[in-house]
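S.K.: Before I ask anything, here is the structure I am working with.
The values are calculated or read from the model by the stated rules, or taken from the named source; none is laboratory data. Because the structure is a prediction, the values reported are computed rather than measured. Note: ideal-geometry Cβ built from the backbone for every residue, glycine included; neighbour counts use all protein chains shown. Side chains included, ligands, DNA and RNA excluded: accessible areas come from the protein's heavy atoms. Shrake-Rupley method; radii C 1.70, N 1.55, O 1.52, S 1.80 Å.
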Amino acid sequence: MSEIRLAAEARTEFGKGAARRARRAGFVPGVVYGHGHTPVHLNLPGHDLMMALKTPNALLVVPIDGKDEYVLPKAVQREAIKRTIEHVDLLLVKRGEKVTVEIPVNVEGELAPGGNLVEHVLNTLAIEAEATHLPESVTVSVEGLEAGASVHAKDITLPKGVTLAVDADAVVLQIIGAQAPEATEESAEGETVEA
């Protein structure tokens, strides 16, 4: 995964008024914490941050005290209607450090004939990997699986250096049979409706 540089600036004003002014100026308030470091408050460029967060577990590089630091998004608060980013919490990470994150589970392949469906029991998979080498997602093949089959976490092939951070026997996907539509009950004959 490539790193994404953001030109953040230190935030000196706090409170709702300061946050609103920052958002009007195109910034998103954020805080960086971790490694026993004193939390650092930043204003991040709103559009660049929004684009960066389209990638799951994006590895961001932000300037803190004149030095570039690696951070991972931990919590993103969005406005309820417009879905714009209101605030972001970032976790400070170091090169070589192992972190636990959740990655999306993608499905490929054709199921066995018969109108079966794939049910996602888990949409994401918790994994542990080096902070600077996080996979964007994991792909699971359902080629030829029939109703009743399931894919467990231990069945998924993970990239080198990545380990599961979830129970190996956890069901990730299961194949369910197509259900026949229920026959509609015909109305009883001979009934009359009086006005």
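S.K.: Once amide H atoms are placed 1.01 Å from N in the peptide plane, what residues at a sequence separation of 5 or more from residue 59, or on another chain, have their amide H within under 5 Å of its amide H?
M.R.: 4
S.K.: Which three lengths, in whole Å and largest first, does the range 1-102 cover when its Cα atoms are put on their principal axes?
M.R.: 38, 28, 19
S.K.: Here is a follow-up. Order the following by accessible area, largest value first: 133, 37. Probe radius 1.4 Å; ligands, DNA and RNA are ignored.
M.R.: Descending accessible area places them as 133, 37.
S.K.: Just grab the label-to-label distance for residue 139 and residue 20, each label 7 Å out from Cα along the Cβ direction, in nm (one decimal).
M.R.: Between residue 139 and residue 20, the simple spin-label model gives 4.8 nm.
S.K.: How long are the three semi-axes of the equivalent ellipsoid of the range 65-143, in whole Å, if each is the root of 5 times an eigenvalue of the C-alpha gyration tensor, listed from largest down?
M.R.: After scaling each eigenvalue by five and taking roots: 33, 20, 8 Å.
S.K.: Could you give me the ³J(HN,Hα) list for the range 56-61, computed from phi with Karplus coefficients 6.51, -1.76, 1.60 and θ = phi - 60°, whole Hz, x at Gly and Pro?
M.R.: Those phi angles translate into x, 6, 4, 8, 9, 10 Hz.
S.K.: Could you please state how large a percent of the accessible area of the range 50-137 is carbon and sulfur, counting protein chains only and using a 1.4 Å probe?
M.R.: Carbon plus sulfur share of accessible area: 48 percent.
S.K.: Keeping all protein chains in position, work out how much accessible area residue 5 exposes to a 1.4 Å probe, and write it in Å² to the nearest 10.
M.R.: Answer for residue 5: close to 150 Å² accessible.
S.K.: Output ³J(HN,Hα) for the range 84-101: one whole-Hz value per residue in order, computed from phi by the Karplus curve 6.51 cos²θ - 1.76 cosθ + 1.60 with θ = phi - 60°, and x for Gly and Pro.
M.R.: Each residue's phi maps through the Karplus curve to give 6, 6, 9, 6, 9, 9, 10, 9, 6, 10, 10, 4, x, 6, 8, 10, 9, 9 Hz.
S.K.: Hey, another quick one. Could you list which residues have their amide H under 5 Å from that of residue 11, counting only those 5 or more apart in sequence or on another chain, with H placed in the peptide plane?
M.R.: It is 41, 42, 43, by chain and number.
S.K.: To the nearest 500 deg cm²/dmol, what mean residue ellipticity at 222 nm is calculated for the chain from DSSP H runs of n ≥ 4 alone, each contributing -39,500 (n - 2.57), summed and divided by the residues?
M.R.: Theoretical 222 nm ellipticity from helices: -2000 deg cm²/dmol.
S.K.: Taking the square root of 5 times each eigenvalue of the Cα gyration tensor, what semi-axes in Å does the equivalent ellipsoid of the range 28-71 have, largest first?
M.R.: Output for the range 28-71: semi-axes of 19, 12, 10 Å.
S.K.: Taking the C-alpha atoms of the chain, how large are the radius of gyration and the largest Cα-Cα span, Dmax, in Å?
M.R.: Cα-based Rg and Dmax for the chain come out at 24.1, 86 Å.
S.K.: Net charge near residue 75: determine it from the other residues with C-beta under 15 Å of the C-beta of residue 75, scoring Lys and Arg +1 and Asp and Glu -1.
M.R.: With Lys, Arg at +1 and Asp, Glu at -1, the neighbours total -2.
S.K.: Right, something else. For the chain, build the charge dipole from Cβ charges (+1 Lys, Arg; -1 Asp, Glu) around the Cα centre, then report which of 131, 14, 152 sits farthest towards its positive end.
M.R.: Farthest towards the positive pole: 14.
S.K.: With r defined as the distance between the Cβ atoms of residue 35 and residue 155 and R0 fixed at 41 Å, what FRET efficiency is calculated, to the nearest 0.05?
M.R.: Step by step, r from the Cβ atoms, then E = 0.70.
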